[in-house]
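Just so it is clear, none of the values below were taken in a lab; they were calculated from the coordinates. Bear in mind the structure is a predicted one, so any value in this text is a computation, not a measurement.
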Amino acid sequence: MANGMESPEWTHDEWLDAWTIHVGKAYRCDQCNTLIMVTKGGVGTLEPICCGEPMKPVEQPDRIADQ
């Protein structure tokens, strides 16, 4: 094909590479300590809000949940 792709359909790996929302990504609210985790990935924008403020991404959600 002219665009360099071998087929018009994307492979599973190509879809995963294109995703901007990744499974396992976690966010925490600084005010109430609510913790959320992405359970289904996809393409788009995720800007979680809690207590009227943006939630902050966390690197190791398992350790925060244990606290």
_Please compute the Kirkwood hydrodynamic radius of region 12-66 from all pairs of different C-alpha atoms, in Å with one decimal._
12.1 Å
*Stretch gain in nm, segment residue 53-residue 32, where the contour uses 0.36 nm per residue and the Cα spacing is subtracted*: 6.5 nm
